[in-house]
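Input: a single structure, listed below in structure tokens.
The numbers here are math on the coordinates, done by the rules we state, and not lab data. Computed from a predicted structure; not experimentally measured. All Cβ positions, glycine included, derive from the backbone under ideal geometry; neighbour counts span all protein chains shown.
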There are 2 protein chains.
Amino acid sequence: MVLPEKVNLRVAVNGAAMFEYLTIGRMNGHTLRVLQVENRTLDFHTHETSDELFYVMEGAFSIEFEEGAVSLNAGDMLIIPKGIRHRPVVTECVKCLLIELDGTLDAGNTGGGIVT
Amino acid sequence: MVLPEKVNLRVAVNGAAMFEYLTIGRMNGHTLRVLQVENRTLDFHTHETSDELFYVMEGAFSIEFEEGAVSLNAGDMLIIPKGIRHRPVVTECVKCLLIELDGTLDAGNTGGGIVT
């Protein structure tokens with residue numbers, strides 16, 4: 001067996017291009033990606049089949065829902081249940097980790113970010 | 001709809017008792033737990049049905065496999081594929097996040113830690 005490889009999240013996200021959803025691992029049918037992004041508001045969208053996890057490594061941003069918004073700061077984690085309309089609103093530079101079921105992210109829900 | 005609640009990982013883990021696997025969220029059939037632990041080496045064990053994710057928030061420890069060990073430091077993430085025998089070896093105080101499929105952790109693979 002080849003030993004599993006560790007990933008340092010901060011090193012990984014600093015190696016991603018701006019707006020690149022960079023895959024850093026897989027687990028149980030989920031893809032883990034790191035992302036750095038700034039000055040971007042996505043359209044409202046819904047992931048019908050997957051919950052979505054955000055973990056903020058650096059910076060702060062909000063996720064808006066139809067009924068209000070949740071403000072996230074470094075160290076915060078938020079799990080958005082499947083089927084809930086939402087949109088990230090990012091002004092300053094944010095570095096974060098995302099986890100969703102494989103195939104959840106596409107050009108329609110990433111604001112044109114590169115999904116790798 | 002009630003807005004999803006964010007969790008600050010550092011605040012959450014500092015609120016866990018030593019050796020308590022404290023549940024902080026669920027996503028797609030997985031349980032997310034935080035844990036602080038020190039001076040504990042678990043028996044070798046295998047999770048047959050779930051990959052297992054470790055993310056180190058504070059401290060350093062090793063995960064041993066039959067073929068070698070991986071040393072983890074703060075900020076490191078490791079995903080152990082299902083079916084791979086392993087054991088965590090912890091000396092200093094470590095604070096970490098764990099993710100596995102619901103029902104993966106039990107008294108036989110947590111060294112008697114409290115699974116909540």
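Here are the numbers for the structure shown:
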{"read-out": "When each of A:6/A:82; A:82/B:82; A:82/B:95; A:6/B:95; A:6/B:6; A:95/B:82 is checked by Cα-Cα distance, pairs over 22 Å", "value": "A:6/A:82; A:82/B:82; A:82/B:95; A:6/B:6; A:95/B:82"}
{"read-out": "Global form of the protein assembly as shown, assessed from the alpha-carbon gyration tensor, a/c cut-off 1.5", "value": "prolate"}
{"read-out": "Ranked by how many other beta carbons lie within 10 Å on average, peptides B:101-114, A:29-42 from highest", "value": "A:29-42, B:101-114"}
{"read-out": "Distances in nm from residue A:23 to the matching label points in the other copies, shortest first (labels 7 Å along Cα to Cβ)", "value": "3.1"}
{"read-out": "Net charge of neighbours whose Cβ lies under 15 Å from the Cβ of residue A:76, counting Lys and Arg as +1 and Asp and Glu as -1", "value": "-1"}
{"read-out": "Cα centroid separation - the stretch B:61-116 against the stretch A:46-85, whole Å", "value": "27"}
{"read-out": "Exam field: residue A:66 pseudo-label spacings to other copies (7 Å along Cα-Cβ), nanometres", "value": "5.3"}
{"read-out": "Label 7 Å beyond Cα on the Cβ vector: residue B:3 copy-to-copy distances, nm", "value": "4.4"}
{"read-out": "Cut-off 13 Å between beta-carbons: net charge of the residues surrounding residue B:59, Lys and Arg +1, Asp and Glu -1", "value": "-1"}
{"read-out": "Calculated diffusion of the stretch A:9-103, Stokes-Einstein form, Kirkwood radius summed over Cα pairs, 20 °C and 1.002 mPa s, µm²/s", "value": "160"}
